[in-house]
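Down below is the structure, laid out as structure tokens.
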Amino acid sequence: MDSTHSSSQAPHSPQAPQSCQSIIANSGVKFGTSGARGLVTDFTPEVCYAFALAFLSSIQSRFSFSSVSFAIDNRPSSPAMATACIQAAHDLGLATQYYGVCPTPALAFVAMQDKQPCIMITGSHIPFDRNGLKFYRPDGEITKIDEQGIVHSSAIVPLDINIQPLPDVNPDGANRYVKRVTDVFPPELLKGKKIGIFEHSSAGRDIYQGLFEALGAEVTALERTDTFVPIDTEAVAEEDKQKALAWSAAHGFDMIYSTDGDGDRPLLSDEHGNWLRGDIVGLLTAKALGIQALAVPVSCNTAIEKSGYFTAVSRTQIGSPYVIAAFPELHKDYHAIAGFEANGGFLLGSDVTLNDTVIHALPTRDALLPAIMLLSLSIEKQCGISALVADLPQRFTQSDRLQNFATQDSQALLAKLAVDPSPLLSAMALNETVKAQNTIDGLRLTLSNGDIVHLRPSGNAPELRCYAESSTAKVASDIVTKALAAIK
């Protein structure tokens, strides 16, 4: 007998199947403000399968559905992740619809209309080495409670997952999403308008040109890329700011339209090529739609309240789940409700009627409706988009981030500053005192002169974000620069 073996040793036993909870807990993938996010290397087939299985099995007792919808963004890692998620649905005995590369709101819209759950494989705007999953119940985005149901799921993942290739793409998702907008307006709405489409690697880049042309616009496609570009609508790169100014000067655009990676957050410029803040876009969109009541994160511009356009404004934590969670209370008193975020994306919380046509509710971030509504409003007012912005209360917001800043370091720093913010103000060379302090999400300080500095850890990546608001754009920008320099 080989001396390295003993008759007393137990025979080797095969690895036992694991629960979704166990796989997810050890994956390194975490829920942030918008879905599950993590490194591409953490999204193994087993982990993707576990997340999809946990989500679908956790809602089966509450919703009746026999099919699930899927779509992806243009990240190279997204197709393989989709195959594992789709396999989990098949193994539950569910049919699937695969809409290929299309915007997140397009997938969410068709799935909600068909009363199906859906999963979007996207990392949105986060760095290239990461990706993510967004989950939607048949009635819309999952809640924070649903997230807990996913991470604690006892469903068992089989040892051998027989993953099949991606099915054929169903083009119906993108088509129905486009019709949601084009059916509301006359085909000559944008006649005479020049629109630039900054395509980069956006998930909706194949549909935007045709949509704007269908409404009568002259469209120029700009800078499509084969490599993924993580456009962050909240911290637009200086290079992209200069591009927009140059494009507008060269082409005479009325607007440049773009989005983040998965097409749910708009990046819109005025006729001069100045990119607009997402909350300003949201404010004008809500005005154009006749919205009565809004739910917006605490980081949004205070021009929302100062404008007097809305009967009620509810302030929430940052993230679309929190905005959506505020809708039921607003529904009790108002029939036209909506929300948006500082980094863009318009959430329509109720059906609204425009031009005798119903625009169905879409309580998830949408980048398309805001663009059309701003152009429509500028046509109605016979002015450029810059004039619409100039007519608002003049409060300016800026934001930026420190990348590779560990979340636990951010939390420790903010805990100290919440007790005594004076070291930060001193390091920024500000002679103001703190008039009000808000900790609903991070640390938001309103200073004695009315300026605001707001720090918070990103929910999606190891980043510390800074938001500032002031009566001039320069001061707001200076606040962000000084705050991040002081922290760094």
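The values are calculated or read from the model by the stated rules, or taken from the named source; none is laboratory data. In this text the structure is predicted, and so the values were computed from the model without any measurement. Note: ideal-geometry Cβ built from the backbone for every residue, glycine included; neighbour counts use all protein chains shown.
Reported count of residues in the range 83-100, each being out of contact with any Ser or Thr (no Cβ under 7 Å at 6 or more places or on another chain), more than 21 Å from residue 151 (Cβ to Cβ), touching a residue at least 40 places away in the same chain (Cβ under 8 Å) and not aromatic (Phe, Trp, Tyr), is 2. Apart from one condition, residue 35 fits all of (1) at positive phi; (2) more than 21 Å from the chain's Cα centre (by Cα); the exception is (2).
Residues checked against (1) of a type in the set (A, V, I, L, M, F, W, C); (2) in contact (Cβ under 8 Å) with a residue 40 or more places away in the chain; (3) in the same structural domain as residue 403 (by TED's automatic domain parsing):
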| residue | (1), (2), (3) |
| --- | --- |
| 208 | no, yes, no |
| 220 | no, no, no |
| 238 | no, no, no |
| 244 | yes, yes, no |
| 247 | yes, yes, no |
| 257 | no, yes, no |
| 276 | yes, yes, no |
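Okay, residues lined up against (1) out of contact with any strand residue (DSSP E or B) (no Cβ under 6 Å at 6 or more places or on another chain); (2) assigned to a helix (DSSP H, G or I); (3) modelled with pLDDT of 95 or more:
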| residue | (1), (2), (3) |
| --- | --- |
| 192 | yes, no, yes |
| 198 | no, no, yes |
| 208 | no, yes, yes |
| 213 | no, yes, yes |
| 220 | no, no, yes |
| 234 | no, no, no |
| 243 | yes, yes, yes |
| 247 | no, yes, yes |
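Within the range 458-488, restricting attention to residues that are touching a Gly at 6+ places or on another chain (Cβ under 9 Å) and of a type outside the set (A, V, I, L, M), the residue that is surrounded by the fewest Cβ atoms within 10 Å (Cβ to Cβ) is 471.
Entry remark, the range 59-82: residues being surrounded by fewer than 22 Cβ atoms within 10 Å (Cβ to Cβ) and either on the phi > 0 side of the Ramachandran plot or in a helix (DSSP H, G or I) (or both) number 3 in total.
Yes or no, residue by residue, for (1) within 21 Å of residue 108 (Cβ to Cβ); (2) more than 22 Å from the chain's Cα centre (by Cα):
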{"site": "183", "(1), (2)": "yes, yes"}
{"site": "195", "(1), (2)": "no, yes"}
{"site": "199", "(1), (2)": "no, no"}
{"site": "205", "(1), (2)": "yes, no"}
{"site": "215", "(1), (2)": "no, yes"}
{"site": "224", "(1), (2)": "no, no"}
{"site": "227", "(1), (2)": "no, no"}
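Could you please let me know if residue 212 is of a type in the set (Phe, Trp, Tyr), surrounded by 20 or more Cβ atoms within 10 Å (Cβ to Cβ) and touching a Leu at 6+ places or on another chain (Cβ under 7 Å)? Yes, satisfied.
In the range 245-262, the residue that is surrounded by the fewest Cβ atoms within 10 Å (Cβ to Cβ) out of those that are under 22 Å from the mean Cα position of the chain (by Cα) and farther than 24 Å from residue 70 by Cβ is 255.
Screening the range 102-142 for residues that are among the β-branched types (Val, Ile, Thr) and crowded, with 24+ Cβ neighbours inside 10 Å and picking the one that is nearest to residue 263 (Cα to Cα) gives 104. Would the range 170-185 turn up any residue that is surrounded by fewer than 17 Cβ atoms within 10 Å (Cβ to Cβ) and assigned to a loop (DSSP other than H, G, I, E, B)? Yes, the range 170-185 contains at least one residue that is surrounded by fewer than 17 Cβ atoms within 10 Å (Cβ to Cβ) and assigned to a loop (DSSP other than H, G, I, E, B).
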